[in-house]
Amino acid sequence: MAGRREQVTIGRPYVERPERVRILDRLGPDELLVHEIYRSIQGESTFAGLPCTFVRLTACHLRCRWCDTPHAFGQGQPLRISEVLDRVKELGERLVEITGGEPLLQPGVYPLMEGLVQGGYQVLLETSGSLDVSGVPRSVHIIMDIKCPGSGEEGSNRWENIELLKDWHDEVKFVVANHADFQWALDVIRRYRLHDRLNVLISPAYGLVEPKVLAEWILESRLPVRMQLQLHKYIWGPEARGV
Ligand code: SF4
């Protein structure tokens, strides 16, 4: 119980560009600003291909050059945590991903994760890797980005997070926009021996690197990393939302 009490009292994290997340100021203590909740096929991670409910929270303090969810920066509806849990229950999937934007910006995400875990869901958290993940419940499966230079957000990586990830449970993801990004990712993987304890995912930035080219780079590297494509973009097209 002590751990749970600690998690529900986590406050808003410090961010360098607070004007980007000012929209969260008006939230009540038991509310979340929710961009969308929907049911789809999981497009990424080792859970790719499975039916999943997505809870997309509003706001992000970063601005990755290739970001495909800028619509989640500022549009959202305030919902009580209990309303989010009800909606997830209505959609009826056992697998639930909390994503954004950056979901760890909202303190209400911690009781939401606790509520989902207690409700028997398998919970995935997709996070930018720039905020402290130490308060995430142990059973939540973290999928953490490591931002390559081509994103423009390399300086936002919180390297201390790597030690906090759970061996063979959590995943790290690199989105590469060019060959220099790929080389940079390989250096990071080798330096932290990521492939010895985590699932390592490498994706091409959509429209910037051809999947075939990335496949060749990975094979040349001889590292046991997992190439992933954003499945939902191939099924429904790159511009489709809520899928
Ligand atoms: S962290 Fe995610 S939501 Fe935020 S700018 Fe980057 S890609 Fe977009």
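Here, each number is a calculation from the coordinates, and none is a lab measurement. Since this is a predicted model, take the numbers as computed values, not measurements. Because the Cβ atoms are built from the backbone with ideal geometry, glycine has one as well, and the counts that use them run over all protein chains shown.
Across the chain, C-alpha contacts under 8 Å between residues 6 or more apart give a mean separation that, scaled by the residue count, equals a relative contact order of 18 percent.
Among beta bridges from DSSP that stay inside the chain, the antiparallel ones total about 30%. Maximal additional length on extending the His169-Tyr234 stretch stands at 20.7 nm, based on 0.36 nm per residue less the C-alpha distance. The GNM of the chain, with springs linking C-alpha atoms under 10 angstrom apart, assigns the highest mean-square fluctuation among Tyr14, Tyr110, Tyr206 to Tyr14.
When the Cα atoms of the stretch 2-236 are aligned to their principal axes, the ranges along those axes come out at 50, 37, 35 Å in descending order.
Cβ distances below 4.7 Å define possible disulfide partners, and in the chain the cysteines left without one are Cys52, Cys60, Cys148.
By how many nm would the segment from Ala180 to Leu219 grow when fully extended, if each residue of separation counts as 0.36 nm and the alpha-carbon distance is taken off?
That pair, Ala180 and Leu219, stretches by 12.4 nm at full extension.
Normalised size of the stretch 153-243, defined as Cα radius of gyration per 2.2 N^0.38 Å with N residues, equals 1.14.
In a reduced charge model with +1 at each Lys and Arg Cβ and -1 at each Asp and Glu Cβ, the stretch 36-102 shows a dipole moment near 80 debye about its Cα centre.
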